[in-house]
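The values are calculated or read from the model by the stated rules, or taken from the named source; none is laboratory data. Predicted model only: the values in this text are computed from it and were never measured. Neighbour counts are summed over all protein chains in view; Cβ atoms, including those assigned to glycine, are modelled from backbone coordinates with ideal geometry. Only protein heavy atoms, including side chains, enter the accessible area calculation; ligands, DNA and RNA are left aside. Shrake-Rupley method; radii C 1.70, N 1.55, O 1.52, S 1.80 Å.
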Amino acid sequence: MGSSQKIVNGVVWSTLFNIVNAAYNFVAVPILIGHFGKSQYGLIGLAMSINVYMRLMDMGFNSTNVRFFSTWLTEHNYDKVLKAFQTSLSFYGFIGLLNGIILIVISFFSYSIFNVTPEQDVILKHLFYILAIVAFCNWFSSCFDQLIKATENVAWIQRRQMIPKALQILILVATVLLDLNIETYFIFTCLATLSIIPLSIGKIRKETPFINFLPKLHWPTFKEMLPYSLNIFSFSLFQFSFYHLRPVFLGMQGSMESVADFRILNGIIGIIHIMVSSFLPVLLPSTAKIVARKDQKAYYKVAYDGTKYLSIVLCFCTFGMMAVGPDTLSLYVGEDYLYLIPWFNLWLICNLVSHNQAISSLILAGSDIRAITYSTIVASVLGLVASWFMIPQYQVGGVVIGFAIYGSIQMLFYYLYYWPRKMKISSWRVITYSVGPYILSGIIGYYVCRLLPDCGGHWRNFFCYGLSFAVIYLVATMLLSTKEDRDFYLSILKRHRK
């Protein structure tokens, strides 16, 4: 199977898994809020946000490993792959222990750090203890997927991910039927993610039989990878901080109810983010090969056509969700939450910045990413500062405004400087060819749906407005498509029918 087919299969399976994952999160949030209560459910969001922030200790080795594994596999330099893998096992094992220790230390001071009651603090401490135990296994197995991705088997990874998701669905049902407490639900949900480790080991042995799972630190290999890793880490630190400190800031500056509001909005809007974010890890192994081979034709095809196909999906999801937003929120958690609609729509619009994923894969496949580090630092700091000061007045709206500031700074930097000057990519062509036509189609579809009369209930409105938007947008997309685009769509359909 060629690289292009592996990319398509990876995107398709990533999308399918993300739909299942998003559907689970969409259903789970109101069920868990109803079962545990809004404030207690906010504790899960807070604990997870703290632990997710610990992913910063990765120091950029996630993308670094995929890039170097891909390059060395292309060059048949299997000795380097082995040494890098063993070094990663050692590195991640140490980070796993450190992660657990930090969570336990935070639990000692959780009552003074977060705005929680004594009863809530007891539960929060238990959640931290559970995460501390699970952290080591998650960290140690991190490089398993990185090596599998480097062999361009992203589709296999996504199929395998269906197993823990199925287990989590069973745990959710059991939680309601058996009236499990929050700690029991949480520990089983965390353990479900570890169930796939044996499958990953088997896949690695099949694809790369020369791999040894004995942790061993190879300093020369580590030093070779470290400069690139630190470049990745330097901008990932601030980007990651921006995305994952928002609910933490809400817990400190707002209330547990505002954290729950964040989780509600994220449960819906996260569907789009999860689907779009799957493009970068799928593309990175292939773009690393493109950059290594200096294939200019493939380079610009990823930049322009890759961005176009990503924009089609992104704009469909974004404006389609806006068209059914009020009815979706009402069906999801009730009409009492319709006060969130303005922030809901603004957050959706902010997600349009994700159209840069295809070009970002080309950036990460290169070696000089210092310029984007500086822009990310500025955007993240200003976005977080704005969020911190706006949360007391706007609650969850404060972090959405911060997101708007962050995204605006990033897009101005890319379009006005980095793409045209550093990458020789025409920003005007990206706007007029890859992005703009589909944003315009989405806006038209959204406003037409808003003009439609009420269909007599939220479910009817959801299907009526959703179907109307889909028809309008898909017709517009086909009118904008070239013959090459239509042939590409047909090839995907034929391939997956088989």
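One residue alone among L346, L338, L331 is out of contact with any Leu (no Cβ under 8 Å at 6 or more places or on another chain) and free of Cβ contacts under 8 Å to residues at least 60 places away in the same chain, and that residue is L346. Only one entry in S286, S361, S311 is under 29 Å from L474 (Cβ atoms), in contact with a Ser or Thr (Cβ under 9 Å, 6 or more places away or on another chain), at pLDDT 80 or above and buried (at least 18 other Cβ atoms within 10 Å of the Cβ), namely S311.
Only one of the listed residues (Q168, Q158) is closer than 23 Å to V27 by Cβ and modelled with pLDDT under 85. That residue is Q158.
Count of the stretch 394-413 residues, restricted to those that are of a type in the set (V, I, T) and either open to solvent by less than 10 Å² (accessible area, probe 1.4 Å) or touching a strand residue (DSSP E or B) at 6+ places or on another chain (Cβ under 6 Å) (or both), is 3.
Right, L127: open to solvent by less than 30 Å² (accessible area, probe 1.4 Å), at pLDDT 85 or above and assigned to a helix (DSSP H, G or I) or not?
Details: open to solvent by less than 30 Å² (accessible area, probe 1.4 Å): yes; at pLDDT 85 or above: yes; assigned to a helix (DSSP H, G or I): yes.
Taking the combined requirement at face value, the residue satisfies it.
Determine whether P209 is closer than 19 Å to F91 by Cα, open to solvent by 10 Å² or more (accessible area, probe 1.4 Å), of a type outside the set (F, W, Y) and over 20 Å from the mean Cα position of the chain (by Cα).
Judged against the criteria, P209 is not a match.
Against the list (1) modelled with pLDDT under 85; (2) of a type in the set (A, V, I, L, M, F, W, C); (3) open to solvent by less than 60 Å² (accessible area, probe 1.4 Å); (4) farther than 25 Å from V154 by Cβ, the condition F186 fails is (1). Just so you know, in the stretch 382-393 the residues that are in contact with a helix residue (DSSP H, G or I) (Cβ under 7 Å, 6 or more places away or on another chain) and of a type in the set (A, V, I, L, M) include one that is most open to solvent (accessible area, probe 1.4 Å), and it is L382.
Within the stretch 332-344, the set of residues being assigned to a helix (DSSP H, G or I) and either among the charged types (D, E, K, R) or closer than 19 Å to Y41 by Cα (or both) comprises Y332, V333, E335, D336, Y337, L340. Comparison of Y92, Y24 shows that the only residue that is within 24 Å of the chain's Cα centre (by Cα) and within 24 Å of D336 (Cβ to Cβ) is Y24. Looking at Q168 and the list (1) closer than 28 Å to K216 by Cα; (2) crowded, with 18+ Cβ neighbours inside 10 Å; (3) not aromatic (F, W, Y), which single condition is not satisfied? Of (1) closer than 28 Å to K216 by Cα; (2) crowded, with 18+ Cβ neighbours inside 10 Å; (3) not aromatic (F, W, Y), only one is false for Q168: (1).
Say we look at the stretch 296-308 and pick out the residues that are open to solvent by less than 30 Å² (accessible area, probe 1.4 Å) and charged (D, E, K, R); which of these is nearest to the chain's Cα centre (by Cα)? If we take residues in the stretch 296-308 being open to solvent by less than 30 Å² (accessible area, probe 1.4 Å) and charged (D, E, K, R), then K308 is nearest to the chain's Cα centre (by Cα). Would you call F319 closer than 22 Å to L474 by Cα and modelled with pLDDT of 80 or more? Judged against the criteria, F319 is a match. Of the residues making up the stretch 414-467, those that are open to solvent by 70 Å² or more (accessible area, probe 1.4 Å) and part of a loop (DSSP other than H, G, I, E, B) are K424, P453, D454.
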